[in-house]
Amino acid sequence: MAEPSKVIHVRNVGHEISENDLLQLFQPFGVITKLVMLRAKNQALLQMQDIPSAVNALQFYSNVQPSIRGRNVYVQFSSHQELTTMDQNQAREDEPNRILLVTVHHMLYPITADVLHQVFSPHGFVEKIVTFQKSAGFQALIQYQSRQSAVAARSTLQGRNIYDGCCQLDIQYSNLDELQVNYNNDRSRDFTNPNLPTEQKGRSSQPGYGDAGGMYSGARTAGFSQMANAAAIAAAFGGGLPPGITGTNERCTILVANLSPDRIDEDKLFNLFSIYGNIVRIKLLRNKPDHALIQMGDGFQAELAVHFLKGAMLFGKRLEVNYSKFANISQGADTHEYVNSNLNRFNRNAAKNYRYCCSPTKMIHLSTLPQDITEDEIVSLLEEHGNIVNCKVFEMNGKKQSLVQFETEEQATEALVCKHASPLSGSVVRISFSQLQNI
């Protein structure tokens, strides 16, 4: 397959399909910074804010056929790593537009929508601002009422610092037509509509721009219940739910049987089940050493874990994963507590983590790796768990990551269970299953 790129190539884009249709298809996976419609070829090129967002989208649509207005569209990575100067009859990156894509480098102080408004409003009426924090750094989309204002702002502010010696502005034109703002808060603001809520209340048809995990911004403080919003979860999955998932389960505690008592422990169970949601606590049953109880953050997360792990192979045994008759696990000397663990994956970027959910695969994805990591070191870390077919180290947004393909799903599962959150040259390795079929 093509080298991962933040640019996605979409084919079979009929004349009835609008730019907005395409935006709705990909917005759940992250901010779209540019969109070029190639009408003569029935194609489109769409640039996400970073490569992980594009990888998430293509992983999701490798399992779910994307269609717009009854027409199937086909998606793949583009050979372009960046949408810059195209053929003369296609859009150019430097074509002036009233929406600016702003990257802030050397950000020593926090930047909010209000700070950006103070900086950009002297050049014209700012209608909307959306900010998003990614590993590439802090970025914002700023929509002026007129194109002339955006041109003036870019020519005046490009390369300038917001504060003395830091927070340098790098400004490009976006080619979006309109920003969608769902909330007025520090991260986004619609200056034409002061009546927007500050946070999501109840149902929403699709997430806003920026980190889709922002939908769950209240989750850490307000407890897990906020994350059970079925509409927001549906948006995280691109407008539906994975086949077989109802979204209606309220049972949070799972009973796992047929474990290997001599090889399993609470942390290894945490490493596997935390792919599907936050873990509250885990208890290995003394009277049944091949059984364990696992309390998840909410019923939806428990349903994902039961659905995707039922029948999975681990340490030579087929796991039996079912809901427990117990509503929760009582805290005690024989329970392990994880409710405050910073290894819980869903406290940040919840929507993104939901999209990663799948049954165990032969391919695992490693991140938060040391900058000088080599493929040989990755193989040395993991080869005790099975035959490695392929291994690739690559860089995304200046950070090293790796894809490792095993011969079987069971070997990959064992590697994840044993090596997720393990230290490596001062880093803590993070491992998840990848839905990519090959490297």
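From the alpha carbon gyration tensor of the range 361-431, can you work out the equivalent ellipsoid semi-axes (sqrt of 5 times each eigenvalue) and give them in Å, largest to smallest?
19, 12, 10
If I model a spin label at M107 and V428 as a point 7 Å from the Cα along the Cα→Cβ vector, what separation in nanometres do I get?
2.2 nm
Name all residues of the range 398-424 having a backbone nitrogen under 16 Å from the label point set 7 Å from the Cα of N342 along its Cα→Cβ direction, giving them as ranges.
Backbone N within reach: 421-424.
With every protein chain present, what is the per residue accessible area of the chain (1.4 Å probe, Å²)? Mind dumping the intermediate values first?
Numbers: 19380 Å² over 439 residues.
That works out to 44 Å² per residue.
Which stretch or stretches of the range 56-77 have amide N atoms under 13 Å from the point lying 7 Å from R11's Cα along the Cα→Cβ direction?
From the range 56-77, the list is 73-77.
Students sometimes get this wrong: rank E127, E3 by accessible area, probe 1.4 Å, all chains present, largest first. Walk me through the numbers on the way to the answer.
Values: E127 25, E3 105 Å².
Reading off the accessible areas and sorting them downward yields E3, E127.
Express the Stokes-Einstein translational diffusion coefficient of the range 302-406 in µm² s⁻¹, to the nearest whole number, given a Kirkwood radius over alpha-carbon pairs, 25 °C and a viscosity of 0.890 mPa s.
146 µm²/s
Work out how much length N195 to E384 would gain on full extension: take 0.36 nm times their residue separation and subtract the Cα-Cα distance, in nm to one decimal.
Taking 0.36 nm per residue and subtracting the Cα distance, the gain is 62.3 nm.
With all distinct Cα pairs included, what does the Kirkwood hydrodynamic radius of the range 1-60 come out to in Å, to one decimal, could you say?
Over the range 1-60, the inverse of the mean reciprocal pair distance is 11.6 Å.
If you take all C-alpha pairs in the range 97-188, what percent of them are over 19 Å apart? Mind dumping the intermediate values first?
Values: 1305 of 4186 pairs.
Tail of P(r) above 19 Å: 31 percent of Cα pairs.
Rounded to a whole number, what % of the accessible area of the chain do carbon and sulfur atoms account for, probe 1.4 Å?
46 percent
Ranked by accessible surface with a 1.4 Å probe, highest first, in what order do Y323, Y61, Y163 come?
Greatest to least solvent exposure: Y163, Y323, Y61.
Below 25 Å Cα-Cα, how many Lys pairs turn up in the range 251-354? Only count pairs eight or more apart in sequence, or on different chains, if you could.
15
What does the convex hull of the Cα atoms come to per residue for the range 251-354, in Å³?
Dividing the Cα hull volume of the range 251-354 by its residue count gives 92 Å³.
Per residue, how big is the convex hull of the chain when only Cα atoms are used? Give it in Å³.
Per residue, the Cα convex hull of the chain comes to 157 Å³.
The values are calculated or read from the model by the stated rules, or taken from the named source; none is laboratory data. Values in this document were obtained by computation on a predicted structure and should not be read as measured data. Backbone-built Cβ (ideal geometry, glycine too); neighbour counts: all protein chains shown. Ligands, DNA and RNA are excluded from the accessible area calculation, which covers all protein heavy atoms including side chains. Shrake-Rupley method; radii C 1.70, N 1.55, O 1.52, S 1.80 Å.
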